[in-house]
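Written out below as structure tokens is the structure these notes cover.
The values are calculated or read from the model by the stated rules, or taken from the named source; none is laboratory data. Quantities reported herein were computed from a predicted structural model and do not represent experimental measurements. Neighbour counts run over all protein chains shown; Cβ positions are idealised from the backbone, glycine included.
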Amino acid sequence: MAATLTQKILESHLVSGRLEAGEEIAIRIDQTLTQDATGTMAYLQFEAMHCARVRTELSVSYIDHNTVQIGFENADDHRYLTSVARKYGLYLSRAGNGICHQVHLERFGKPGRTLIGSDSHTPTGGGLGLFALGAGGLDVARAMAGEPFYLTCPRVVRINLAGALPPWVSAKDIILHVLQRFTTKGNVGCVFEYAGAGIETLTVPERATITNMGAECGVTTSLFPSDGMTRAFLRAQGREADWLPLAADPDAVYERTVDINLSELVPLAACPHSPDEVRAVRDIGPLAVQQVCIGSCTNASYKDLATVARILRGRTVHSDISFIVAPGSRQVLENLLRDGYLADLIGAGARLMENACGFCIGNSQSPSSGGVSLRTSNRNFLGRSGTKDARIYLVSPETAAAAVLTGRLTDPRDLGMTCPDVDLPERFHIDDRLIEKPDGAVDPDSVPIVRGPNIGAPPVNTPLPEALDGEATLKVGDKITTDHIIPAGARMKYRSNIPRYAEFVFEILDGTFPARAARIRDEGRHNVIVAGLSYGQGSSREHAAICPMYLGVKAVIAKSFERIHAANLVNFGILPLLFADEADYDRIAQGDRLTIPNMRAALEDGETLTVENRTKHLTFTVRHTLSPRQRALILAGGALNASCTS
């Protein structure tokens, strides 16, 4: 029977369930990755599972997010992560080696394997033909312990690429066009498979840009076939032995096919404050710009930065622009240096940042008040940059470089110069000295775990109560991201200290929420969050579930949820409920008293529950889409409780 690429990989890794769209399945995981912003909690959870060593084919701990060390917290967490890697048999990519997704693409990813990572942009690996998924840290910890990963068997959408990109249009413009067509809502449970003659023109780093930002569409993952381009990239990385040909069958059946002619695309920009607010650069007009940041896991490859260097060669940054460059990895930086491109960037006036996430997560290079910042990263959510009233536009490296020269948002086709054509090296200079390999000869018992005073045990929830007696403590609208729920940036240094981090829940929307929620919790009542469409977009950061759980949130009632956040809510015992009639959203006000008298019994017996709004003297129906396994987790109060009682 003809199969899609997704079906082929899932079938070869299937542990339980049926490969039918919408069914819950469990798959074997070959590889895992964590980063320091989410990894500390993941390893605390892994420790609680009492495994002597990781049980995957390969697990890598990356230090790449909170590398700015103001205060002791980040440095202490890095020491903890180092000791965990040595004790349990993980690879450790040290601070300065690069962003997890870029490094994993270069040094570890393999076509046809499965990877889950505690970072929502783990699908970057799909550019190599790797079935790569973002997940909460607890799911990653369980995979490291040898347990399967559960997901809803996805629907598969084929995106057929034809033609070739015209000059000054790049892979970033392809994925911005995809976001313009699909938006950030309504794609949960889908995989995007790229095919067609157009993919033959795209290198692996270009493909990775596309799969990386597919996460903003809310899809499960995105995939390219493993072909000659894949082989050439792995050969350049000294890893040709990891290559195997992998593609969908020619007559595979898809839920839907979307055609994109690359030849017709133009330079695009995602406008504030959502990655799907996409417009042509020329249609936005000559907007004055104060900052340009080039880097992130989306666009910090050798090809990206070498292209920018060629555009800027012999020229100088505009006097109004603060120009930031953050290479994606140490390998990228060293190859730029050897080939002369780093001198071009610095000569033009670039401010060279660490090979890390940096500005993308808002822990450095925040824009000026009300400033306009062009960034090659993947998210422009309100306040994510660290400056709440800043306006962030997501653009390609070419469009970013044009603004560096002109001081305004400029279509690079209007620069009046020839678009540079940069080829990938036939062989990259490779230096893996900042990757510590696991030592199988080490006795795990001889390796002490180093814990700083900011590191605490993960909090454990209580079992689901017989009835819900609570309050609509907060009502929010559509497209609420995990950054809205729990801020990134400088606040993330408290990621290992849940009571402290919980003080900032919903800080960007309502700074009074933590105190109000704690008061309701301490009174013995429950907090309920009411939300619109696509609740939980963005980061896989499970703290967006752990911290609300700590504050006594027992349920979120929304019009729809995003995949990773919904799974995190279940893992930490918060009930994700859907309005049976979305019009009922308008019948609830913040502060209304909400009860579900028979919540536990109703969850055990069926898929619908009745909510009483005692303030307005009305009732409405909610439903859930939980599998029997997920119901058991919720009833136990979360996965950690279930593990302790099983």
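Candidates L337, L342, L352, L333: the one that is touching a Pro at 6+ places or on another chain (Cβ under 7 Å) and closer than 20 Å to L434 by Cβ is L333.
Only residues that are without any contact (Cβ under 8 Å) to a residue 40 or more places away in the chain, buried (at least 21 other Cβ atoms within 10 Å of the Cβ) and either of a type in the set (K, R) or part of a loop (DSSP other than H, G, I, E, B) (or both) were counted across the range 288-347, and they come to 1.
Can you name the condition, by its number, that A171 falls short on among (1) surrounded by fewer than 22 Cβ atoms within 10 Å (Cβ to Cβ); (2) in contact with an Asp or Glu (Cβ under 7 Å, 6 or more places away or on another chain)? Looking at each condition in turn, A171 falls short on (1).
Among the residues of the range 542-558, not a single one is under 21 Å from the mean Cα position of the chain (by Cα), surrounded by fewer than 24 Cβ atoms within 10 Å (Cβ to Cβ) and in the same structural domain as P597 (by TED's automatic domain parsing).
Quick check on R235: is it surrounded by fewer than 17 Cβ atoms within 10 Å (Cβ to Cβ), closer than 24 Å to A390 by Cα and either over 24 Å from the mean Cα position of the chain (by Cα) or not aromatic (F, W, Y) (or both)?
On the way: surrounded by fewer than 17 Cβ atoms within 10 Å (Cβ to Cβ): yes; closer than 24 Å to A390 by Cα: no; either over 24 Å from the mean Cα position of the chain (by Cα) or not aromatic (F, W, Y) (or both): yes.
No: the conditions fail for R235.
Of the residues making up the range 289-332, those that are under 23 Å from A390 (Cα atoms) and of a type in the set (S, T, Y) are S296, T298, S319, S322. When the range 5-34 is examined, which residues are found to be assigned to a loop (DSSP other than H, G, I, E, B) and either more than 22 Å from the chain's Cα centre (by Cα) or of a type in the set (D, E, K, R) (or both)? Correct list: G17, R18, L19, E20, A21, G22, E23, R28, D30. Just so you know, in the range 597-644 the residues that are without any contact (Cβ under 8 Å) to a residue 40 or more places away in the chain and of a type in the set (A, V, I, L, M, F, W, C) include one that is farthest from D584 (Cα to Cα), and it is A642.
Against the conditions (1) part of a loop (DSSP other than H, G, I, E, B); (2) under 30 Å from V422 (Cβ atoms); (3) without any contact (Cβ under 8 Å) to a residue 60 or more places away in the chain, W168 satisfies every one except (3).
In this structure, D119 qualifies as touching a residue at least 40 places away in the same chain (Cβ under 8 Å), under 22 Å from T298 (Cα atoms) and of a type in the set (D, E, K, R).
Residues in the range 581-617 that are crowded, with 18+ Cβ neighbours inside 10 Å and under 22 Å from L474 (Cβ atoms): 11 in all.
Within the range 424-458, being touching a residue at least 12 places away in the same chain (Cβ under 8 Å), charged (D, E, K, R) and assigned to a loop (DSSP other than H, G, I, E, B) holds for E426, R427, D431, D432, K437, D439, R451.
If I filter the range 512-532 for residues that are basic (K, R), within 19 Å of I564 (Cβ to Cβ) and part of a loop (DSSP other than H, G, I, E, B), do I get at least one hit?
Filtering the range 512-532 for residues basic (K, R) gives 516, 519, 521, 525.
Narrowing further to those that are within 19 Å of I564 (Cβ to Cβ): none.
Looking for residues that are basic (K, R), within 19 Å of I564 (Cβ to Cβ) and part of a loop (DSSP other than H, G, I, E, B), one finds none in the range 512-532, hence no.
For the range 178-193, which positions are crowded, with 21+ Cβ neighbours inside 10 Å and either of a type in the set (D, E, K, R) or part of a helix (DSSP H, G or I) (or both)? Selection gives V178, L179, F182, E193.
The rows are residues; the columns are (1) assigned to a loop (DSSP other than H, G, I, E, B); (2) in the same structural domain as S12 (by TED's automatic domain parsing); (3) out of contact with any strand residue (DSSP E or B) (no Cβ under 7 Å at 6 or more places or on another chain); (4) over 30 Å from V372 (Cβ atoms).
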residue: F233; (1), (2), (3), (4): no, yes, yes, yes
residue: G238; (1), (2), (3), (4): yes, yes, yes, yes
residue: A241; (1), (2), (3), (4): no, yes, yes, yes
residue: D249; (1), (2), (3), (4): yes, yes, yes, yes
residue: V253; (1), (2), (3), (4): yes, yes, yes, yes
residue: V258; (1), (2), (3), (4): no, yes, no, yes
residue: A269; (1), (2), (3), (4): no, no, no, no
residue: P272; (1), (2), (3), (4): yes, no, no, no
residue: P275; (1), (2), (3), (4): yes, no, no, no
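Checked against the criterion of being β-branched (V, I, T), at pLDDT below 95 and out of contact with any Cys (no Cβ under 6 Å at 6 or more places or on another chain), the candidates I346, I321, I361 yield just one match: I361. When we screen A2, A37 for residues that are modelled with pLDDT under 95 and not in a helix (DSSP H, G or I), the only hit is A2. One residue stands out among those in the range 470-502 that are crowded, with 18+ Cβ neighbours inside 10 Å and of a type in the set (D, E): the one that is farthest from L382 (Cα to Cα), which is E471. Here I435 meets the list (1) crowded, with 21+ Cβ neighbours inside 10 Å; (2) farther than 29 Å from A566 by Cα; (3) β-branched (V, I, T) almost entirely, failing just condition (1). Among the conditions (1) surrounded by 24 or more Cβ atoms within 10 Å (Cβ to Cβ); (2) within 17 Å of P487 (Cα to Cα); (3) of a type outside the set (K, R), G573 misses just one, which is (2).
Within the range 561-589, track down each residue that is part of a strand (DSSP E or B) and of a type in the set (F, W, Y).
First, the residues of the range 561-589 that are part of a strand (DSSP E or B): 561, 575-579.
Within the range 561-589, F561, F579 meet the criteria.
Test E523 against the criterion of being under 31 Å from the mean Cα position of the chain (by Cα) and of a type in the set (D, E), and give yes or no. Steps first, please.
Working: under 31 Å from the mean Cα position of the chain (by Cα): no; of a type in the set (D, E): yes.
Against the criterion (under 31 Å from the mean Cα position of the chain (by Cα) and of a type in the set (D, E)), E523 does not qualify.
Yes or no, residue by residue, for (1) closer than 25 Å to L105 by Cβ; (2) polar (S, T, N, Q); (3) within 20 Å of the chain's Cα centre (by Cα):
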| site | (1), (2), (3) |
| --- | --- |
| R315 | no, no, no |
| S319 | no, yes, no |
| Q331 | yes, yes, no |
| G340 | yes, no, no |
| G358 | yes, no, yes |
| G370 | no, no, no |
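Annotation note: of L176, L133, L128, the sole residue that is closer than 19 Å to A280 by Cβ and at pLDDT 95 or above is L176. Among all positions in the range 304-311, there is no residue which is closer than 20 Å to G371 by Cα and not assigned by TED's automatic domain parsing to the domain that holds N212.
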